[in-house]
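**Student:** Mind having a look at this structure? Questions to follow.
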Amino acid sequence: MPAAPQQQMEPFNYFNYFTEIEEYFWRKRGAHLLVSPLDWAIVETWQKAGIPLNAVLKGIDRAFESWARSRRAAGGRQLKSLAYCVDAVLDAAEEAKEAAAGSGPEVVSKRAAAEPFSRAELKGYLERNAAKLRAGAEKHRGSHASLAARLNETAQRLEEAIPLVDTPAALDLEDLERRLTILEEKLTAALSADADEASLLSIRREMDRSLAPYRRKMSAEQLGQLERQYIQKRLFESFGIPRLSLFYLT
């Protein structure tokens, strides 16, 4: 008997993706921890891979169940990083993909999803980031002239995007996010080029220490993605540059 058509849910507001995962992880641990750069990089990797939120949460559940049966848990140690959840999350994501493939044709909901942010929030976010970029350009103008020029150019692009938010027509958040992602990628290249060797070495050493307990559990592709996300995050932090993606608005 063929599977019944499945009603498609409204698109998940992935811009709240990190907050949902962070809060769920805290509830599972029963403690509110500071989020490590490694955990940030892991969540960004899942988000960029398009792993649905429900698959991430299911994977976290399974990872905690596995941990509870381990010797480390018996010895009183707690699960402290999302890195332990990577395999379980990827397994849950694969299961979700297989289930979707066998569920029959989807019926697309015609009900429009509400915009996840108000226009005022979006406008304020773009304006604040533009101001921070110009402040960063002024700060680095003497020591990193090419970077300062890139920061000013990026600020101008953000200011040019503000009228898009003010339009009365429906706002295409996906297209706005694409624009912001392109700007972030260009900034990442500029930051990498201007960072001194000592700073890059320090970031890589920190990254290697953070990843060391989990390297054997991850594939080369997973590690490569995590390393790129980790280095990008730390470069933006070290230069005091704001992230631009709407992923960070929350």
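**Student:** Name the pairs whose Cβ atoms lie under 9 Å apart, with the first residue in region 172-190 and at negative phi and part of a helix (DSSP H, G or I), the second among the small types (Gly, Ala, Ser) and modelled with pLDDT of 90 or more, and 6 or more positions between them or separate chains?
**Tutor:** Leu176/Ala161; Arg179/Ala161; Leu180/Ala161; Ala190/Ser146; Ala190/Ala149
**Student:** Report the residue count in region 129-179 for those that are polar (S, T, N, Q), exposed (fewer than 12 other Cβ atoms within 10 Å of the Cβ) and under 19 Å from Leu249 (Cβ atoms).
**Tutor:** Residues meeting the conditions: 1.
**Student:** A follow-up question, please. Could you run through region 45-71 and say how many residues are without any contact (Cβ under 8 Å) to a residue 24 or more places away in the chain and assigned to a helix (DSSP H, G or I)?
**Tutor:** Within region 45-71, residues that are without any contact (Cβ under 8 Å) to a residue 24 or more places away in the chain and assigned to a helix (DSSP H, G or I) number 5.
**Student:** Among the listed residues Glu227, Glu184, Glu197, which satisfies the condition of being closer than 25 Å to Leu244 by Cβ and open to solvent by 40 Å² or more (accessible area, probe 1.4 Å)?
**Tutor:** Every option except Glu227 fails the conditions.
Table: residues versus (1) more than 25 Å from Tyr230 (Cβ to Cβ); (2) within 20 Å of the chain's Cα centre (by Cα).
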{"position": "Gly59", "(1), (2)": "no, yes"}
{"position": "Ala68", "(1), (2)": "yes, no"}
{"position": "Ala73", "(1), (2)": "yes, no"}
{"position": "Gly76", "(1), (2)": "yes, no"}
{"position": "Leu79", "(1), (2)": "no, no"}
{"position": "Leu82", "(1), (2)": "no, yes"}
{"position": "Val86", "(1), (2)": "no, yes"}
{"position": "Glu94", "(1), (2)": "no, yes"}
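**Student:** Looking at Ser202, Ser238, Ser245, can you tell me which residue is farther than 16 Å from Gly136 by Cβ, open to solvent by 20 Å² or more (accessible area, probe 1.4 Å) and of a type in the set (Gly, Ala, Ser)?
**Tutor:** Ser202
**Student:** Kindly establish whether Val35 is at pLDDT 85 or above and either more than 22 Å from Ala212 (Cα to Cα) or surrounded by fewer than 19 Cβ atoms within 10 Å (Cβ to Cβ) (or both).
**Tutor:** no
**Student:** Can you confirm whether Ser219 is among the small types (Gly, Ala, Ser), within 24 Å of Trp46 (Cβ to Cβ) and surrounded by fewer than 12 Cβ atoms within 10 Å (Cβ to Cβ)?
**Tutor:** Yes.
**Student:** Further question on the same structure: Tally time: how many residues in region 72-87 are part of a helix (DSSP H, G or I) and open to solvent by less than 20 Å² (accessible area, probe 1.4 Å)?
**Tutor:** Count: 4.
**Student:** Moving to a separate point now. When you check Glu20 against the structure, is it closer than 30 Å to Ala170 by Cα, open to solvent by 60 Å² or more (accessible area, probe 1.4 Å) and modelled with pLDDT of 80 or more, yes or no?
**Tutor:** Yes, satisfied.
**Student:** Tally the residues that are modelled with pLDDT under 85, more than 19 Å from Glu221 (Cβ to Cβ) and in contact with a Phe, Trp or Tyr (Cβ under 9 Å, 6 or more places away or on another chain), restricting the search to region 41-76.
**Tutor:** Total meeting the criteria: 1.
**Student:** Here's another thing I want to ask about it. Does region 130-149 include one or more residues that are among the basic types (Lys, Arg), modelled with pLDDT under 95, within 25 Å of Glu237 (Cβ to Cβ) and assigned to a loop (DSSP other than H, G, I, E, B)?
**Tutor:** Yes, that holds for at least one residue.
The values are calculated or read from the model by the stated rules, or taken from the named source; none is laboratory data. As the structure is a computational prediction, the values presented were derived from the model and not from experiment. Positions of Cβ are generated from backbone atoms using ideal geometry, with glycine treated the same way; all protein chains shown enter the neighbour counts. What goes into the accessible areas is simple: the full protein's heavy atoms, side chains included, and nothing from ligands, DNA or RNA. Shrake-Rupley method; radii C 1.70, N 1.55, O 1.52, S 1.80 Å.
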